[in-house]
Each structure stands twice: as structure tokens, then as C-alpha cells.
1. If you build the Cα gyration tensor of region 307-466 and take the root of 5 times each eigenvalue, what three semi-axes come out, in whole angstrom, biggest first?
2. With every protein chain left in place, what is the accessible area per residue of region 464-647 in square angstrom, probe 1.4 Å?
3. Just to verify a number: FRET efficiency for ASP153 and GLU790, C-beta to C-beta distance, R0 = 22 Å, to 0.05?
4. Quote the accessible area belonging to TRP822 in square angstrom, nearest 10, computed with a 1.4 Å probe and with ligands, DNA and RNA left uncounted.
5. When the helix-only estimate is applied to the chain (DSSP H runs of n ≥ 4, each -39,500 (n - 2.57), divided by the residue count), what is the mean residue ellipticity at 222 nm, nearest 500 deg cm²/dmol?
6. Rg over Rh of region 287-333, using C-alpha atoms and the Kirkwood radius, what does it come to?
7. Give the shape of region 476-554 as rounded, prolate or oblate, defined through the alpha-carbon gyration tensor: a ≥ b ≥ c are the square roots of its eigenvalues, a/c under 1.5 means rounded, and otherwise the shape is prolate if a/b is larger than b/c and oblate if not.
8. Once you put a point 7 Å from the Cα of ASP78 and another 7 Å from the Cα of ASP55, both along the Cβ direction, what distance in nm separates them?
Amino acid sequence: MFLACAGTLVLNCMGKLINNIMTAVFFELSGVLPTEQALSLLKDAVKKTYKNKGDAIVNQNIKAVEAAIEALRTVQYDAAKWAAIDCDRESFYAKERDSEPPTYVTDVLDKVQTMRGHELKVSEVEVDGCVPLSQTRFAKRGVAESVPVVDMDKCIQCNVCSAICPHAVIRPFLLSNMELQKAPSSFDARKATGGNTYAGLHFRIQASPNDCTGCEVCTNACPVGALSMMPRLDTLEKGHGANWDYAMSVPNRGQRFDANTLKGSQFQEPLLEFSGACEGCGETPYAKLVTQMFGKRLIVANATGCSSIWGGTAGWVPYATDKETGKGAAWGNSLFEDNAEYGLGQVIHVRQRRRQLRDRVEAALARAGKAMSIALRSLLEQWLEFGEDGSISERLSDELQPLLEEEKGKAKEIAEIVRLKDLFTKPSMWMFGGDGWANDIGYGGIDHAIASGNNVKIVVLDTEVYSNTGGQSSKSTPMGAVAKFAQAGRDQRKKDLGAMAMAYQHVYVASVAIGANYKQTVEAFAEAEKYDGPALLLCYAPCIEHRFFKTGLSAMSLDQKDAVECGYWPLYRFNPRLARDGNNPFILDSKKVTGDVMKFLNRQNRYAQLVRSSPAVAEKLQGELQVYLKQRHSALREKAAADLSKEAASLKDGLKEAKSAAEQVLITFGSDTGVTEHVAKKFAGFSAVGGFSEVNCRFPLPRVCDLDELSDIEELKAACAGAICVVMCSTCGHGDFPQNAGLFWSSLSAQNLASKELSGLRFCVFGMGDRSYADSFCEAAKKIEDRMRELGAERLLDMGIGDDRDEDKWETGFQKWLPKLWLTLKASEPQDDGRPKEPLFEVKYHEMAALQTSPLVPPGSQLLRVAENRRLTPSGYERDIRHVALSLEGADFPFDLGDAVAIYPENLAKEALAFLDLDGDRVISVKCSEHVSERHRRAFERRVTVRQVLTTLGGTK
Ligand SMILES: Cc1cc2nc3c(=O)[nH]c(=O)nc-3n(C[C@H](O)[C@H](O)[C@H](O)COP(=O)(O)O)c2cc1C
């Protein structure tokens with residue numbers, strides 16, 4: 001006789017009760033105690049353990065104990081064969097691996113995994129405490145009962161499922177035509193949407209059945225219900241394992257996209273994957289996001305706590321290296337009480353060594369500049385200038401490494417630089433830890449680190465309790481919650497770490513909840529990294545210790561949303577940089593409280609159990625908590641407005657007369673290649689001639705944002721309250737929405753919106769397009785206008801149209817529409833007062849030899865070779881019609897029917913140089929003002945020659 005059928009029981013529905021099921025089975029089979037006595041003791045233990053969770057949970061566990069014994073069945077087996085089974089990796093789990101693992105996995109981890117750890121030799125284990133990365137991708141635990149499967153007909157390609165997945169097991173993939181043709185038959189993909197950057201690509205969401213934990217977080221977070229759960233074994237049968245393996249073999253195209261956006265970040269390879277965190281963990285999505293945004297130059301100092309356990313469980317390490325470049329996150333763990341000092345030490349160490357490198361580079365250029373090749377000299381000079389920008393430094397470092405290696409023998413000064421070459425890339429240095437670390441045990445260190453003004457970036461994964469050690473209360477545990485050491489409900493307010501850090505005034509602080517607002521989270525991480533100084537990110541992380549009724553952590557993202565909506569968890573960003581420019585540094589991102597706090601609290605047993613055990617205490621503490629939350633929200637609202645009103649006092653005075661009749665305006669744009677964005681900003685510039693402190697400002701400074709920033713309908717309504725909304729939108733693809741308007745359109749077109757959802761909202765639309773796209777001419781703008789009207793919004797003005805085919809392109813239609821718009825806004829037309837405006841570009845000359853110039857290509861594009869350029873019309877004929885053939889040789893350039901190729905003509909620089917009397921070989925660097933678009937700014941990330949600017953960048957301004 002052998003084991004029981006408890007496995008069937010587990011699969012049938014009792015997976016979450018596995019502990020008690022297996023304990024019951026153990027006593028029955030082992031005979032340690034008479035079964036009846038053992039079961040009676042076990043049931044007593046169940047009652048004691050779960051009494052605070054309520055009768056339903058107690059009864060469920062007792063039922064599981066009884067059912068386990070009833071489900072026991074005898075299985076006949078051959079004892080000799082059983083004893084001879086070789087529990088090695090081939091027969092165990094390795095068959096699921098899609099590629100050959102490194103020797104550390106086969107020689108060390110597999111032995112541990114298959115209970116042969118005793119065979120390990122000391123020499124096989126790393127002696128210095130370092131272990132190789134990227135191990136978990138070979139673990140293939142296959143623990144989920146069910147895993148998510150996508151319905152590509154419903155998927156809107158928003159990448160939310162991937163962003164919220166705690167284990168990086170569900171990801172978006174982009175494939176070329178050829179790659180799609182080679183894909184397995186069940187690999188269902190759709191044309192990638194979102195504008196030019198996606199041209200010719202196909203999109204699919206795919207989960208890895210053998211890495212997924214089955215938490216269902218993604219299924220619940222999907223805004224359109226495109227994901228459903230399917231038994232794992234069925235998905236394997238239907239080819240989803242093969243789909244995943246195939247998707248992973250396709251080149252990653254992340255470099256085409258901006259990692260500092262929600263959608264773009266999810267196309268970057270996550271360098272934290274398949275960790276052993278609890279299913280539905282609320283912490284890991286934040287750490288994973290950091291690896292996607294900055295992973296290739298990331299250094300993490302991790303405090304002890306959950307994040308050090310899922311982050312570095314010996315020996316399966318979930319931090320990984322990038323498959324293509326081998327670069328990845330460097331991660332180290334220190335104690336609770338000294339992690340901030342550990343991280344600060346690293347920051348200071350790197351800063352000092354980089355200063356040393358800078359000195360050496362300067363010395364080498366001064367003393368050995370002549371010995372160097374022009375290319376090396378120019379790259380070193382560029383590094384001196386741009387090396388403090390993380391991503392530019394990474395690119396320069398890649399270009400520098402081979403040259404330094406080649407030329408290190410030329411002079412001892414060059415050889416000295418080589419010793420520090422790992423520091424050409426500016427690392428992105430972060431500290432991770434939980435609320436116990438940040439608020440209690442490590443607080444002294446954190447305070448010291450942020451007060452020092454150093455560039456420390458601190459992520460607090462706030463589960464509001466010591467999760468890893470079993471749920472002890474921390475200073476972050478809110479009033480009224482039950483935790484160990486606070487069994488009668490915590491009677492103190494949660495420590496306001498954010499307020500304490502903001503009091504310093506020089507610390508960037510953000511409070512985020514990824515499932516509530518993905519965009520705000522990504523923005524906060526991007527701003528924190530960019531900020532030259534300390535940053536503190538408070539991240540709301542639902543945890544098993546919150547003990548959610550019914551849903552468990554499957555509703556992790558929805559819980560975050562509810563927490564924000566009811567005012568339990570505020571979303572804000574405090575950016576001292578804004579104050580330097582005279583603006584209010586505090587932005588409250590969760591302006592409105594709409595949800596019910598009590599409903600939110602009562603879904604979690606940490607609050608509900610107090611209601612059962614001590615109703616009077618619960619009423620008192622939860623009442624006080626509600627009062628506090630209200631007070632805090634109004635204080636945050638005031639903070640967001642009050643400072644501004646101070647800053648704006650002069651503006652208001654000046655505005656009194658001039659703009660008393662003028663309307664507030666919100667300008668929002670959808671733009672693919674930047675033209676509409678330019679028009680929107682130009683219009684905003686007209687509106688606020690001279691800027692914020694200018695008395696002649698024509699009406700209150702308008703907010704300008706892209707449409708996706710308003711993709712939450714509530715946000716749209718709030719932003720338009722009391723203002724006129726001017727929507728400017730182009731059409732791309734063939735009737736598609738621009739890439740920064742797709743999410744907006746998904747929300748606006750949702751069928752579940754009330755018929756008068758937008759009543760009271762006043763708006764007008766300016767569409768940009770090309771009438772040669774006859775049937776889809778300005779389709780996106782038209783759709784927006786129709787839908788807003790359908791939802792009860794009031795259109796104030798007929799749609800304006802900017803047509804590429806008009807004489808002055810969009811300008812023709814815009815100039816006709818503009819006077820009507822001024823009238824609508826009750827504002828006089830702007831007069832050019834002739835005063836100088838803030839310069840858009842600042843140009844600096846450099847005394848250096850000519851640069852080796854490669855053609856400048858607009859970001860997101862690839863350069864193709866012109867294979868043929870032949871005039872088709874006779875030379876005397878007025879029209880110059882040509883046959884141009886482009887070579888696709890060696891380009892990762894999937895090409896689909898209907899896609900577009902842009903030809904960027906070169907200016908005749910010779911004439912321009914002569915006209916402007918400039919030396920084309922002079923080297924310049926260009927600093928762009930904030931009003932220059934990101935796209936154009938990126939063109940000036942490196943030094944260029946005057947000729948280059950006039951030849952290829954002439955269209956920039
Ligand atoms: C690849 C591509 C596809 C386009 N598709 C359309 C279209 O379907 N309908 C339309 O009216 N205009 C279309 N246009 C024209 C653009 O809307 C127009 O050039 C506009 O000024 C671009 O503005 P933007 O840079 O802000 O996106 C397309 C342009 C490109 C480059």
C-alpha cells in the first residue's frame with residue numbers, strides 16, 4: 001500500500017488548504033498517534049489557529065481534514081522499482097526547460113533540488129558569497145493549477161497584465177511577419193497597434209505555464225476581460241508551453257520604446273523573474289518595474305525582509321541579466337539595521353570612483369590627447385559632458401570599451417582609464433526594503449541617507465506589517481489593524497514617512513500604488529531616477545498578511561485601486577525640482593475620494609477580526625482612522641493648492657483685469673510623429689505669452705498633456721472641470737489612434753459608460769491628417785468628437801482640420817480655426833510684443849578636431865540604404881518622378897502591406913553654411929529647453945557638427 005489520493009483533493013478545490021490536508025494524511029499513514037486522537041488534536045489546533053478568522057474558515061479547514069482521510073486510496077506499486085527511481089534532473093523537472101542551463105544550475109542547484117546536496121563539493125559552491133544570476137528561468141516549478149490564457153480578439157494591447165504580474169510570467173511579445181510565420185500554430189497574434197514604432201509588427205500576450213503561480217492577478221487587472229484561467233495541463237496540451245518558448249526565442253525589441261512609459265516599460269526584458277514570492281505578491285511588481293526601466297545599469301542594496309527572501313533565496317536567484325548584452329542587476333543584501341548605510345556607502349563609493357575617472361579622463365585628454373585616435377578623444381570629451389546622464393553614459397560606455405582596449409598601449413594615461421572602465425556607465429543605484437526596515441529598524445539609516453543629499457533612491461515596499469517574520473506590527477501598521485504585538489488593534493496612527501521626508505524640502509518623495517495608477521507609478525520612478533538628489537518611493541503592497549476574504553491576493557491590483565479611491569492610500573509626487581522653477585513641488589495625483597473606507601477595511605481580516613473580537617474597540621479605532629484619512633486628504637489637497645496660490649499671487653493680480661473674462665483651458669493632444677504635439681504646445685505658448693509670472697498672460701496658464709494622461713475618465717472630468725478642453729489629435733496607421741492616445745480611446749469608447757457620463761464638459765477638437773487617406777481622413781479626431789458628444793459633452797466649436805495636402809500643410813487649417821477659438825475662449829488674439837522669448841536651444845562651441853559623424857536618425861527609426869534612385873520622367877518634364885529602391889539587407893525591419901517609409905531629405909548644407917557664414921566642421925553641443933520635445937531632444941544627446949545640424953537636423957526647428 002502506498003500514499004493517498006490527497007492530490008486529487010488538492011486539484012479539486014482545496015489547494016489552499018494543503019497544509020492541513022497533508023498533516024491529516026501524515027498522521028493516518030505514519031501511525032505516530034492513533035488516527036482518531038491525532039485528528040482530534042489537529043482539529044483543536046485548527047480552531048485555535050483560525051478562530052480570529054471566523055467560523056467559515058475554521059469549518060472549511062476541519063472539512064478539509066476530514067475529507068483528506070476519506071479520500072485516501074490504496075495504490076499498488078512495485079517497491080523495487082520505486083526504490084530504483086533515479087530522482088535526477090532529467091526525470092524530475094528539467095524536461096520542461098527550453099534551453100540548456102549553465103553549469104551552476106546543473107552542478108549545484110539541481111543537486112540541491114533533487115535532494116543530493118550532500119554530494120556537493122565545497123569547490124563547486126561560490127566561496128565569496130556571490131552567485132550567478134538568471135537561475136530561476138530554469139526552475140520550471142509548474143506549481144499552478146490554472147494559468148492565464150489570452151483572447152487576442154479582446155486584447156487592447158495595453159500591457160497592464162504584464163506590469164502587474166508579480167512573477168514576470170505574462171509578457172507582451174512583438175514579432176515580425178517572418179517570425180510569426182514560423183510560430184507554432186496556436187500562436188495567435190494581432191497587428192501591433194500604437195503608431196509608427198509598431199509598424200510591421202505583430203503583438204501577442206503569452207504566459208509561461210510552468211513558471212506561473214496561478215495567482216489570477218493579471219486576469220483581474222485586465223481592463224477588458226481578455227484573460228481567463230485554464231488548467232495548466234490543458235494549456236500545455238494546447239501548445240502554450242511551446243508558444244512561450246518560441247516567444248522567448250524572438251529578439252526583444254524593447255530598445256524601440258520609451259522605457260519610461262507604462263507600455264514601453266513592458267517591452268523591456270524584466271530582470272527580475274519567476275521569484276519564489278507568494279502568489280499575488282504586491283511587492284514584486286515594483287522591483288520588477290525598476291529592473292525594466294533601469295535594469296542594465298542597476299545596483300540594488302536590499303534590506304532583510306520579504307524582498308531579500310524572494311530576491312535572493314539560496315540558490316535560485318530571480319534577478320537576471322539581459323539576454324542580448326549580458327548586463328543586469330547587481331544585487332546585494334544587508335541587514336535590517338544597516339541597509340541604508342550599506343546602500344549609501346555604495347553610492348558614495350561609486351561617486352568617488354567616477355570623480356576619479358573624470359580626473360583621469362581630463363588628464364589623459366590633456367597629456368595624451370594627441371596619441372589617441374580622433375574617435376576615442378571625441379568620445380571621451382562627450383563623456384565628460386554627458387556622462388552624468390544614465391542612458392547616454394551607457395551608450396558612450398559601449399562605444400568606448402573597444403577603443404580603450406585597442407589603444408591602452410599608446411599611453412600610460414589611457415591604461416589608467418582602463419582600470420576604471422566599468423564606471424563609464426552611470427549606475428542607477430537603489431535600495432529596496434519593507435516598511436519594518438524603513439519605518440522602524442532601518443529608519444535612522446534612511447534618515448541619514450536622505451539628509452545627506454546623496455543620490456540615493458529608496459523603494460519602500462509597504463505591506464504595513466512585518467510580513468516575512470509572520471505579521472508583527474510595524475510603525476506603518478494603520479490604526480485599527482490587528483497584527484502580532486497589536487492583537488487588540490493598533491491604537492496609533494501609521495507613521496507618515498512621506499511627510500517627514502518632504503519636510504527636508506530637498507528629497508523627491510512619491511506615494512504610489514501600481515494597480516491604482518500604472519502611469520503615475522512609472523512616472524514617479526522615472527522622475528525619482530532623474531532627480532539629482534535623494535528620492536523616497538512609498539509603494540503600497542497588498543500582502544497575504546492583510547488576509548483578504550474570498551479573493552486572497554488574486555484581487556491585488558483591485559485592492560490597490562480601492563485603497564486609493566477611498567482615500568486610504570494617497571497618490572502624490574513631491575518634486576523639489578519644480579520648486580526651483582517657481583512651481584508648486586507637490587502634485588496630488590489622487591484628487592478625489594469616491595470609495596467607501598469601511599467596505600475596503602472589512603474585506604480584510606486584519607481589520608474585520610477586531611470587529612468580531614472587540615466590536616467597541618473596532619468602532620472606536622476605525623472611526624478614528626476614518627477621521628484621520630479625511631483630515632489627511634484635505635491637508636494634501638491644500639498642500640497641492642496652497643503653495644501654488646502663493647506662487648501664483650503675482651500672476652493672479654496681473655490676471656485680474658486682463659483675463660477676468662477669459663476661460664480656463666486644458667490642451668490635450670494625440671500625436672504620433674510629434675507634429676500635433678508641436679501645434680498643441682505652440683497654441684499653449686500663444687495662450688500664456690511670457691509664462692507663469694507674466695502679467696500679460698492671456699489667461700491662466702493652460703495645462704498641456706497627451707490624451708493618454710486622461711485615459712481615466714474620472715481624471716478627464718476632473719481636469720476639465722471649469723475649463724474648456726481643446727483636443728488636438730492626428731490619425732496614423734490607417735485610421736488608427738496615435739500611440740499616446742490609444743489608452744484614452746479605449747476608456748472613452750468603453751461600452752459601460754453612462755449615456756451622459758461627460759455632461760457638463762465643454763470641448764472642441766482640432767484634427768490633423770492627410771486627405772489622401774480618403775476613407776480614414778482625420779478619423780481619430782472625428783471619432784473622439786462623436787463619442788464625446790454621444791456622452792453628453794458640449795461641443796463649442798466646429799472641428800478644425802489641419803491637412804498635410806493644404807498649401808501650408810496643417811498651418812492653413814489652423815490659422816482659419818484659431819480666430820474662432822479665441823472668440824470661444826473669450827480671449828483677444830495674441831500680439832507679438834517683440835520681446836525676446838526664452839531660447840529653445842543653447843549652443844556651445846567646442847575646440848576639438850572634427851567628429852567622425854554617422855548619420856543622425858530620428859529615434860525609433862532605422863536607416864536603410866538607397867539601392868536605386870532613378871528619374872522616371874524625361875529631364876525636360878516639369879515633374880521629377882522617381883523610382884527609389886531601398887535595400888532591407890541586414891535590417892531588423894519587418895515590412896507589411898500599408899506600412900510607410902519616411903524619406904528624410906538632407907538640406908543643402910553647403911548653401912546654408914555660406915549664407916549663415918558658419919564653419920561646418922565646428923563641433924557643438926546643444927542644450928534644449930524644456931519646451932523642446934523629447935524626440936528632438938534625443939537628437940542632441942551627443943556632440944554634433946554644425947554641418948550635421950544643417951544637413952540632417954534642419955527640420956528640427
Ligand atoms: C504612417 C502614417 C499613416 C497615416 N494615416 C493617416 C490616416 O489614416 N488618416 C489621416 O487623415 N491621416 C493619416 N496620416 C497623416 C497624419 O495624420 C498627419 O501627417 C499628421 O500631421 C501627423 O501628426 P502627428 O505627427 O502629430 O502624428 C498618416 C501619416 C502617417 C505617417
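The values are calculated or read from the model by the stated rules, or taken from the named source; none is laboratory data. These numbers were taken from a predicted model, which means no experiment stands behind them. Using ideal geometry, Cβ is built from the backbone for each residue, glycine included, and neighbour counts are taken over all protein chains shown. These area figures cover heavy atoms from the full protein model, side chains too; ligands, DNA and RNA do not enter into them. Shrake-Rupley method; radii C 1.70, N 1.55, O 1.52, S 1.80 Å.
1. Equivalent ellipsoid semi-axes, largest first: 37, 18, 12 Å.
2. On the way: 7560 Å² over 184 residues.
Accessible area per residue, region 464-647: 41 Å².
3. E(calc), rounded to 0.05, equals 0.35.
4. Accessible area of TRP822: about 0 Å².
5. Numbers: 36 runs with 363 residues, N = 957.
Counting only the DSSP helices, I get -11000 deg cm²/dmol.
6. Here Rg/Rh amounts to 0.96.
7. oblate
8. 5.4 nm
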